[in-house]
Each structure stands twice: as structure tokens, then as C-alpha cells.
1. Considering the dipole of the chain built from charges on the beta carbon (Lys and Arg +1, Asp and Glu -1) around the Cα centre, which of 309, 93, 246 is farthest to its positive end?
2. Starting from the Cα of residue 410, step 7 Å along the direction of its Cβ; do the same at residue 641; then give the gap between the two resulting points in nm.
3. For region 408-503, just say rounded, prolate or oblate: build the C-alpha gyration tensor, square-root its eigenvalues into a ≥ b ≥ c, call rounded for a/c under 1.5, and beyond that prolate if a/b exceeds b/c, oblate if not.
4. Quick one: 3J(HN,Hα) in Hz for region 149-158, Karplus 6.51/-1.76/1.60 with θ = phi - 60°, rounded, Gly and Pro as x.
5. Among 78, 342, 400, pick out the residue whose Cα is farthest towards the positive end of the charge dipole of the chain, where Lys and Arg carry +1 and Asp and Glu carry -1 on C-beta, about the Cα centre.
6. Apply 1/(1 + (r/R0)^6) to the Cβ-Cβ distance of residue 320 and residue 504, taking R0 = 60 Å, and write down the FRET efficiency to the nearest 0.05.
7. What is the magnitude of the charge dipole of region 33-173 about its Cα centre, with +1 placed on the Cβ of each Lys and Arg, -1 on the Cβ of each Asp and Glu, and no other charges, expressed in debye to the nearest 20?
8. Note the full-extension length gain between residue 233 and residue 706 as 0.36 nm times their separation in residues minus their Cα-Cα distance, in nm to one decimal.
Amino acid sequence: MNKPANIIITIAALLALAMPASALTLQDCVLAQGKAHGIGAMQPSKSDGRYFYRLSDDGNSIMRISYKTGDESVLVNTTSQAVTGWDDFEVTADGRYVLLWNNTVPIYRYSFSGDYYVYDIKAKTLKGLTDGGGEEIATLSPDGTRVAYVKDNNVFVRNLDDGTTVQVTRDGLKNNIIYGVPDWVYQEELGMLNTLRWSGDSRTLAFVRWDESQVKMSSIVMYEGACNPHEEYALYPGRFDFKYPVAGEKNSVVSVHCYDIASGTLRQMDVPLDQEDYVCHIDFAPDPSCLMVQRLNRHQNDLRIYYVNPATGTASQVYHESSDTWVDSDMAQQVQYCDDFFVIPSERSGFMQLYQYGYDGKLIRQLTSDDNCIVSNFYGYDSKRGRFYYQSSCGPLNRVVQWVDSRGRVTRLAPSAADGQGTASATFNGDFSYYVGRYSDAATPDQYRIYDHNGKRVRDLQLNQEYARRYTAIDVPRREFFTMQANGYTLNGYIIKPVDFDPSKQYPVIMEHYNGPGSQEVLNRWQMGWEQYFATQGYIICNVDSRGTGYRGKEFESLTYLRLGVLETQDAVAAAQHMAQQPWVDADRIGIMGWSYGGFQTLMAMSEPGSNYACGVSIAPVTTWRFYDSIYTERYMRTPQENPEGYSNFPLNRVEDLKGRLLIMFGSADDNVHIVNSMQYVAKLTHLNRTCDMMVFPNMNHSIRDCEARYAVYQRALEFYDLYLKR
């Protein structure tokens, strides 16, 4: 009985060898199986820079691993405990306790609640943080003796030594008052997920309070569905309600609070805030009497940092930056507070650079100044060696890792290519003695190596060699970069052609777009996506970064200010016309596709005078900025009351000008770009006795990713293009 099975296996193996190693499938290109391998989460030790921690593959053990040698030892094994299978963990600095959590339940796109536990390494005991679980943002104190967390919108602190818990706040209420955990729009647009901050001496806990009582409610209808089904909605749909401020409407009112552990005193800080302001970042400086608070006005063009004394609540301004357009708050949140100074990225010169300030508010020096190398990430300050580590875009398509010292000497580090080509990044340990370098380019899948502080390779982690043999083979479509002139500017783009491309033939083209402010799609990095598979089906894929996209300086990025959709649409049409002029393109068979801002861009371009799109796919599109959230929209458009002309230019006002066939797709539970955008667009179409194709993904959010739904997204798109571009 065994021999026939062996014969079958041998034949199957021979057939597999006979097949082209790179014969792509749609699953390869849009699902996890086709992604380059990563290295998993690595948590640097807080007490010993020689080691990092990692969760075992079965989720039951925490391994301690040497950066230098890769030698592993088991720090914690919970297989004998009543609860196993962890999602993530955090080890205290003294190595006495481990905070673990599992059963995580998504709240919004990036936030979750979970069941948290504390493991005593010496006693080998595991205890739940609370009865019933469901905690959020549990945060260890620096001395490892306490955990602060949020439950039912209130802040609690648990003493790990004696097991007692103190409730710090009491008026937290869903969709009304929130402590510690940011509201929806802060999470989505400012990237803030946790504002619990301990002072360095573990004696003070700071956090932000959101009063969203005046913010209007938004509701999402939930169905039983088939992906992680909700059986409770089998007969009657349910509803998820949350506060969502749209442009021009009321936001949450925020305040900053500090809790003194010894006295149990809770105090509101006297930070100069009005009801329209945002608190976009808080953190303690090394001095525990110094809480640093970033305040941003509603227009987001005036940033101030305050030095706040937690004991008295008094605040003193130490930094101020303003702009005619907006201040990049994402980069400003990368500020690092050191013993005697702080470092903050700023675009004040017209290009993102690093600046060093004293706590007296005086500029010490501008650390970086090469306008050809725009800072794209600040990794931090190495006090032992006097180095400031950062990533920069030396040429908009590439990224390198560098350090600069106080004398202005700049040194480029591995894994950056010698010629600056490709995309390099770094993740440092706590004392900057080691870092994990990641590198890729358009022809090289992600490679991960460990380096020392001087950029010397220590050892390889993941080079994706087997993956590269399959997905960089000669018959896998590749990106080719190009530039084009449009409306007086040079724009960057890429093209993906079929591997059997014949310049004497004419091909259909799909123009891919995003083009939101500060975004970038044309980047010299490894990407395996739907584009490669569609190219194997006979399409040419083209993507061009329009005016307003990132890493070309503040002036270029600000061109679209107060008029989103105008210049990007002109450039999208120009890009399609550029492709139509190529002898190997069929000018009558050009389509367009985009997601989110790209979906907005698709609808705008298809209704623009002079456009030549035969069809388009718009996924989760914004159809009017009046429907979108306050922070993102007002950053670039101000309010509808201040900028009525800018808010009049949107797809809903151009439905009658739509040209070509249209497919709209969206998730019914999209908490970001709500389905009202698509529904109103379709309503206007049908009112004009026009039709479009539409596909809805029940209970899916903006990403439409769960249960491998991306396959259905791109399979439907391909069917649509085959129908209208391959006629």
C-alpha cells in the first residue's frame, strides 16, 4: 500500500519541477502566501542590550535571544498554566514580571481589547489583570511594580507586588468620556493609540481625557456574515455606534491629567488649550518633573510644546512652529526628549530636517541640512556615542539609514546601498549597540540582518533566498521606473509590463492611483501585488505620483492645499494621455483603479474633461469631503465654512460627467470611509437613469482583508477589466 503512494508523490514532485517556478497565481500576489517572509516581532531587553525577546511559534513561550550569536534560552514557558496561546507580551525592566495578553478583539482598525495576565517569573504563577478581562492599553511602569490600564473607559492601576488595584477615574462612559485611549479620529488620523505615560521614577501617571459628548454619532449596520459570523444577528441586523466628527462639526474636547501614585491625587494640567485644540503627543522627559505636551490648533498649522510640572500643573511653552499650510504632526510625534535637550523633525526650511532644542526653548543647532536628503524617520539619540540616527530619502524613490553627530558629520550605515538605491530601514535596541537592518529594492525581496552600531554585519536573520528564486525569476513581471512631464512638473512613475512584452503590439493599460497629500506609491522597494498578476494576464500597469505627494519638499506637497482633487486629477489625466501616446498602448483601452483616496481619485479622473478612461474601479471612495473626518480633511482643506469653493469640487458634484464603465466596491462596516459615500454616488447615478457595477463586502472594514477577502476584490476587478478592456 505504501509504494503507490510514493509513486504518486514522486510523480507530483516531478510535475512541480517541470512547471515554471514563477507561474504566478492571483493568490500569490494578493494573499499572505506571496508576501516576502518577515522576522516576527522582536522586543529588545530593557536592561541588557545584548538580548531581545520573541514569542515562540506556538505562542506558549517567551524566548531570550542573543543579538550577536542567535543563541536562544527559554525565559517563560506557560504550557503548564491554565491559560496559554499568547498574542503578545512585555517584560519588565528588572525581568521579574511578564505582561501577557490574548483573546484580542478589534475595536477600530488599529485598537483592541484583550485579556491581560501577569506572570511572575520567579514564582511561576499566572494571574489575570482583572476579573473578566477586556482591558485596553495595559502599560507597565518603568520600575516594573505596577500596570496601568483602561477598562470601561476608565483608568486603573494595579500594584504587582501586593495585587491591589486603584481606580483612578470614575466618569468614563462609552461614546461620552474616554480616558487614556484616544477617540476614533485621533487613532485614525494622528496615529495615537495609547496616552498612558509613566514618569521615569514610576511615581506619576499621565494621560489624556476625551470628552466626546458633543460629537455626533455614526452607526454601522452589522449582519451575521460568513467571515467570523455574528450568530446573534442571524435574523435581525445589529448596530455598532461610535462618535465620528466630520469636517466642520464638533470634535472631542481634550485635557491632560496626572495621577500621583503616593498621594492618590488626580490633577488636571493647566495646558493652554481651547475647545478646538488637539493634544497630539504627550511624554515625560527623563526628568520626572517634566511632562512634555504637544498642542496643535484645529487648522493644524500651529504646533506648540509645553513643559508641564505634574505636581503643580503649570505649563511653560518651549517650542513653537507655524506654517501657511499645515505642520506635519506625524513627524513631530517622533520627538525624542533627552537629558539636556530634545530633538524634533521639522519642515521649517522647506524640507524635513532634524533640530536640537534646549528645554529653555532655545535652538541649539540644526542637525541635518542636506535638502536632497529629506528625513523620513528619526530613530533616536545614542548618548554613549553622541549620534543621532535617522532614515532619509536621498532622492524621492530611495531610503538610506544614516547618523549625524553634533559637529554635523554624516555617516551612511548598512543596509543602505553604496549608491543610495533601494529602501533601507533600521530598528535599534535600547542602547543603540545593535539594530536590525531591512533592505529591498524593486528587484530584491526584503532582507533582514543584524548590525552593530557602526553598521558592521553581525549575522543574517532572513534573506528570503527561496522566495527570491521564485518571485524574481525572469518570467515574473517587474517594475520599471520613469519620469514624465505634466503641467510644468516632472512626475515619477513606474510601469509593469507583461514578461512577453512585444513593442509591436498594443496593450490595454490600467492606471493605478492613490495620490493623497504626502503619500508615495512610486518607491524603489520590493512589492508583490495584484499588479504583477494582472500583467501576466496581458495588461500594462502604470502608477504616477502626482503633485501633492510626498518626499519632494514642502512646496511640492502643499500645491494641493485647499483644493484636494484638482491638481491630482489633472495629473492623472495627463498620465493616461502620456500612456496613450506610447506606440505599444491601445489608447481606447485604458482603465483606472484606486482605493480610498485613490477611489476618490478614480471618480474624479473619470469625470474630468479630456479624460480617456474606458472604465474604472473605485474601492472605498470618498465622494465628498463633507462626509469625511475632521482631522484629515481640515488639515488640507480647512472647514467647509471657511473653504466652500474647495469643498464644492468632489465626485458627487460631477456624477453627470462620468465617462466609461464604473465598478464600485466597499466594506459595509467601513468605519473610516463610510458607505454613505458610495451609496450617495450610486443614488445620484440612478437618479440620472445611469448604472454602475457594485460589490459589497458584508461586515468588512476599510481594508477588506479578513478571511482572504482581497482575493475576491481583485478577482472581481480582473473580471471587470477583462469585460471592458479586452473586448
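1. 93
2. 4.5
3. On the way: a/c = 3.75, a/b = 1.50, b/c = 2.49.
It is oblate, given that a/c is not under 1.5 and a/b is not larger than b/c.
4. 7, 10, 9, 6, 6, 10, 9, 10, 10, 10
5. Of the options given, the answer is 400.
6. Working: r = 62 Å, r/R0 = 1.03.
FRET efficiency, residue 320 to residue 504: 0.45.
7. On the way: 15 positive and 19 negative charges, 61 e Å.
Rounded to the nearest 20 debye, it is 300 debye.
8. Values: separation 473, 0.36 × 473 = 170.28 nm, distance 1.88 nm.
So the chain would gain 168.4 nm between residue 233 and residue 706.
Any read-out appearing in this document is the output of simple, stated calculations on the displayed coordinates, not a laboratory observation. Computed from a prediction, not measured in an experiment: that's the story for all the values here. All Cβ positions, even for glycine, are placed from backbone atoms using ideal geometry, and neighbour counts span all protein chains on display.
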